[in-house]
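For reference, the structure discussed in these notes is given below.
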Amino acid sequence: MSCALTTGFTLDCRNSNGGIEAVYFTELAKKGTVTTTSGVITAFTLTSGNFFKYELRKKTSQFEQNIQVSNESGTVYYEQNLTIKLDKLETTRRNEILLLAQNSLLAIIKDNNGKYWLMGETRGATLSSGKGSTGTSYSDLSGFELSFQAEEPELAKEIDPALIVDLTT
């Protein structure tokens with residue numbers, strides 16, 4: 001049977017942290033080759049350019065993966081959702097958001113455990129919704145909240161952290 005289970009899991013140490021630290025974006029059209037070994041991306045090239053880093057404030061952004069199953073059709077796919085908040089309403093951010101909205105994207109998410117995950121590997125991620133707001137009180141966000149979505153045939157793969165420098169410079 002090709003779908004045979006291979007392992008079990010025990011309770012582990014309580015040393016995992018929620019949230020994300022940064023996200024990196026580039027256009028899906030720039031994806032070169034991706035080599036995967038046991039679910040980890042061990043080689044990754046772009047045809048041109050690089051990923052651009054978006055630093056995020058603590059406790060403001062998240063990455064989720066929803067498993068979508070149809071028993072009637074015998075199908076399964078994975079919905080990947082990324083929500084980020086960017087400080088400040090300013091022209092530079094506005095202009096870049098316009099470009100994000102017009103592209104099919106690849107996103108690398110760096111979580112608060114130091115792990116990197118690839119969103120939109122085969123079909124790309126899209127900016128699905130967002131808003132810019134001044135907020136009401138001084139403590140409110142004055143900036144942008146953006147949501148990205150991808151539908152993929154597999155859960156997001158972890159990226160070997162040694163690859164990140166070459167992908168972002």
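The values are calculated or read from the model by the stated rules, or taken from the named source; none is laboratory data. Everything numeric here is computed off the predicted structure, so don't read it as measured data. Backbone-built Cβ (ideal geometry, glycine too); neighbour counts: all protein chains shown.
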Kindly indicate which of THR42, THR83 is among the β-branched types (Val, Ile, Thr), touching a residue at least 24 places away in the same chain (Cβ under 8 Å), in contact with a Ser or Thr (Cβ under 7 Å, 6 or more places away or on another chain) and over 26 Å from GLY135 (Cα atoms).
THR42
For ILE67, only one of the following conditions fails: (1) of a type in the set (A, V, I, L, M); (2) surrounded by 14 or more Cβ atoms within 10 Å (Cβ to Cβ); (3) not in a loop (DSSP other than H, G, I, E, B). What is its number?
(2)
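Identify all residues within the stretch 138-167 that are hydroxyl-bearing (Ser, Thr, Tyr) and modelled with pLDDT under 95; write none if there are none.
Filtering the stretch 138-167 for residues hydroxyl-bearing (Ser, Thr, Tyr) gives 138-139, 142, 147.
If the condition is that a residue be hydroxyl-bearing (Ser, Thr, Tyr) and modelled with pLDDT under 95, then TYR138, SER139, SER142 are the ones that fit.
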Residue, farthest from THR122 (Cα to Cα), within the stretch 57-98, restricted to residues that are under 13 Å from the mean Cα position of the chain (by Cα) and among the hydrophobic types (A, V, I, L, M, F, W, C)
ILE84
Filtered residue count, the stretch 1-39, keeping only those that are closer than 20 Å to LEU106 by Cα and free of Cβ contacts under 8 Å to residues at least 40 places away in the same chain:
4
Which one of the conditions (1) under 15 Å from GLU21 (Cα atoms); (2) in contact with a strand residue (DSSP E or B) (Cβ under 6 Å, 6 or more places away or on another chain) does GLY143 fail to meet, given that it meets all the rest?
(1)
When (1) modelled with pLDDT of 95 or more; (2) surrounded by 10 or more Cβ atoms within 10 Å (Cβ to Cβ) are applied to THR33, the one that fails is (2)
Does the stretch 111-129 contain at least one residue that is in a strand (DSSP E or B), in contact with a strand residue (DSSP E or B) (Cβ under 8 Å, 6 or more places away or on another chain), surrounded by fewer than 17 Cβ atoms within 10 Å (Cβ to Cβ) and not β-branched (Val, Ile, Thr)?
yes
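For residues that are part of a loop (DSSP other than H, G, I, E, B) and of a type in the set (Ser, Thr, Tyr), scanning just the stretch 134-150, find the one that is nearest to ASP87 (Cα to Cα).
Kept after step one, since they are part of a loop (DSSP other than H, G, I, E, B), are these residues of the stretch 134-150: 134-142.
Subset that is of a type in the set (Ser, Thr, Tyr): 134, 136-139, 142.
Numbers: THR134: 10, THR136: 15, SER137: 15, TYR138: 13, SER139: 12, SER142: 6 Å.
Only one residue tops the list, namely SER142.
Which of the following residues is out of contact with any Asp or Glu (no Cβ under 7 Å at 6 or more places or on another chain), within 30 Å of ASP140 (Cα to Cα) and among the polar types (S, T, N, Q): ASN15, ASN103, ASN81, ASN95? Don't jump to the end; show me each part of the working.
Working: ASN15 fails: within 30 Å of ASP140 (Cα to Cα); ASN103 fails: out of contact with any Asp or Glu (no Cβ under 7 Å at 6 or more places or on another chain); ASN81 fails: out of contact with any Asp or Glu (no Cβ under 7 Å at 6 or more places or on another chain).
Every option except ASN95 fails the conditions.
Restricting to the stretch 86-110, count the residues that are in a strand (DSSP E or B) and among the β-branched types (Val, Ile, Thr). Break it down stepwise before answering.
To start, the set of residues in the stretch 86-110 that are in a strand (DSSP E or B) comprises 86-87, 105-110.
Next, only the ones that are among the β-branched types (Val, Ile, Thr) stay: 108-109.
The total comes to 2.
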For the stretch 66-80, which residues satisfy the criterion of being of a type outside the set (Val, Ile, Thr), without any contact (Cβ under 8 Å) to a residue 24 or more places away in the chain and either touching a Pro at 6+ places or on another chain (Cβ under 9 Å) or more than 14 Å from GLN149 (Cα to Cα) (or both)?
SER70, ASN71, GLU72, SER73, GLY74
